[in-house]
Amino acid sequence: MKHARIAVDGLIHNGVETEVGIKLENGRVVQENDVVWLPPVQPQTVFTLGLNFADHAAELSFKEAPKEPLVFLKGPNTFIGHRGKTYRPSDVTFMHYECELAVVIGKAGKNISKEDAYDYVGGYTVANDYALRDYLENYYRPNLRVKNRDTCTPIGPWFVDKEDVEDPMNLKLRTLVNGEVVQEGTTSDMIFSVPDLIEYLSSFMTLNKGDIILTGTPKGSVDTKVGDEVITEVEGVGRLVNTIVGEEADIKQ
């Protein structure tokens, strides 16, 4: 099932996808274009992977893949919902999208084996993890200003139950900018799989319900400009729409 968090008439609701629209918990049915989309889950601890696709690492001139996951954390104010607007600072010269499968933890656990990893997954959503490359120190130590800007991580539209995703390690990823396909890949090209990542992270800390793992992006990241519409898609999970705006938009959280 596909779940959503949306605002309708100023109130926040949970809803599910149906053939006739989004059905709210009170039974009311609303249409996708008549609501404000929120992140489909309220993020707890968010882990973000760097260089987790071999083709993306090669694109950035890395001769060898990482020997262990390159993980950093992301703050909650970075997240916005489907059809949201992402602010591009006026001093930035290179700001690119990153289409990613987001794994949502469904229950708490520590020292989880790869064999048991999917038992701790609640479901999946789509993330677009923008990077402001001007501020990158190096790929092993991403500066906070690269990845923790307000509004720079659209997520959604749906939270999809894990039972409805047959094989999360065989999903197509695609990004379109203004209708043009600019990035394509597949989760099968991850260096560290979803079970690998859950085993690794839980080996030294507890994973809690609502934690999210952004699993990395394939090659094809290019600069985006104010006014661009960016669509990130993960097969079977969703199609996330986002627009880049400039300083004059005066985005407030």
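Worth pointing out:
- Residue list for the range 209-230, restricted to those being open to solvent by 10 Å² or more (accessible area, probe 1.4 Å) and of a type in the set (A, V, I, L, M, F, W, C): Val222, Val226
- Taking the numbered list (1) among the charged types (D, E, K, R); (2) within 15 Å of the chain's Cα centre (by Cα); (3) closer than 21 Å to Asn111 by Cα in turn, Glu199 passes all entries but (2).
Listed here are the residues, each with its yes/no results for (1) within 16 Å of Val46 (Cβ to Cβ); (2) open to solvent by 30 Å² or more (accessible area, probe 1.4 Å); (3) of a type in the set (D, E, K, R).
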{"residue": "Thr125", "(1), (2), (3)": "yes, no, no"}
{"residue": "Asp129", "(1), (2), (3)": "yes, no, yes"}
{"residue": "Lys147", "(1), (2), (3)": "yes, no, yes"}
{"residue": "Phe159", "(1), (2), (3)": "yes, yes, no"}
{"residue": "Val165", "(1), (2), (3)": "no, no, no"}
{"residue": "Val181", "(1), (2), (3)": "no, yes, no"}
{"residue": "Ser188", "(1), (2), (3)": "no, yes, no"}
{"residue": "Val194", "(1), (2), (3)": "yes, no, no"}
{"residue": "Leu207", "(1), (2), (3)": "yes, no, no"}
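- Among the conditions (1) modelled with pLDDT of 90 or more; (2) open to solvent by 60 Å² or more (accessible area, probe 1.4 Å); (3) assigned to a loop (DSSP other than H, G, I, E, B), the only one that Lys63 does not satisfy is (1).
- Flag: Val182 matches the condition of being assigned by the TED database to the domain that holds Gly109, touching a residue at least 40 places away in the same chain (Cβ under 8 Å) and over 14 Å from the mean Cα position of the chain (by Cα).
- Neighbours by Cβ (under 7 Å, 6+ apart or cross-chain): first from the range 191-206, farther than 13 Å from Tyr120 by Cβ and basic (Lys, Arg); second open to solvent by 50 Å² or more (accessible area, probe 1.4 Å) and in a loop (DSSP other than H, G, I, E, B): none
- Answer residue from the range 20-33, given it is within 25 Å of the chain's Cα centre (by Cα) and of a type outside the set (A, V, I, L, M) and is surrounded by the most Cβ atoms within 10 Å (Cβ to Cβ) among those: Lys23
The values are calculated or read from the model by the stated rules, or taken from the named source; none is laboratory data. Bear in mind the structure is a predicted one, so any value in this text is a computation, not a measurement. When we count neighbours, we look across all protein chains shown, and the Cβ atoms used for this are built from the backbone with ideal geometry, even at glycine. Each accessible area value is taken on the protein alone, full model and side chains, heavy atoms only, with ligands, DNA and RNA left out. Shrake-Rupley method; radii C 1.70, N 1.55, O 1.52, S 1.80 Å.
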